[in-house]
Amino acid sequence: MIKVLLHRVAVKPFDFTDWDEGRKRLKELGWEIPQTEREVRAQASVDVGTVVEIGPTAFDGFTKEVPIKVGDVVSYVKNAGKLVKNPVKDNEEVVVLNDEDLIAVITKE
């Protein structure tokens, strides 16, 4: 288990090398990305992933309530944060970000 500290958020990035799986997940959320967008996304300045952990002081001073929850799909600044491997969970990779590196929550509505 990875427990993030302070104002950090852990996000499991979507694996767009497995394009069909990533595309399927976004389609479930109501987003349709044509396959021609794959190369464009590789050069984009944002990444997409699922929130897996939220630090205890995330968003303090920004809002009264934490605007995200574990399981939310979010976009975040590409190349932000640090990639961490969880040795207890088959070296699952998560990106540990500062709360301010999150850009948006992606929802069906």
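The values are calculated or read from the model by the stated rules, or taken from the named source; none is laboratory data. This structure is a prediction, so every number in the text was calculated from the model and none was measured. With ideal geometry, Cβ positions are generated from the backbone for all residues, glycine too; neighbour counts draw on all protein chains shown.
Within region 44-55, can you find the residues that are closer than 12 Å to N98 by Cα and outside any strand (DSSP E or B)? Within region 44-55, just G55 meets the criteria.
Note on region 78-94: residues that are surrounded by 15 or more Cβ atoms within 10 Å (Cβ to Cβ), of a type in the set (A, V, I, L, M, F, W, C) and either part of a loop (DSSP other than H, G, I, E, B) or modelled with pLDDT of 90 or more (or both) total 1.
Quick one: which of I68, I103 is in a loop (DSSP other than H, G, I, E, B) and surrounded by 15 or more Cβ atoms within 10 Å (Cβ to Cβ)? Talk me through it step by step, then tell me what you get.
Details: I103 fails: in a loop (DSSP other than H, G, I, E, B).
The unique qualifying residue is I68.
Taking region 58-77 as the range and being hydroxyl-bearing (S, T, Y) and either modelled with pLDDT under 85 or under 12 Å from A10 (Cβ atoms) (or both) as the test, the residues that pass are T63, Y76. Consider region 44-61 and keep the residues that are surrounded by 17 or more Cβ atoms within 10 Å (Cβ to Cβ) and among the hydrophobic types (A, V, I, L, M, F, W, C). The one that is farthest from E93 (Cα to Cα) is F59. Applying the condition of being in contact (Cβ under 8 Å) with a residue 40 or more places away in the chain and among the charged types (D, E, K, R) to region 53-99 and asking which residue is farthest from K27 (Cα to Cα) yields D60.
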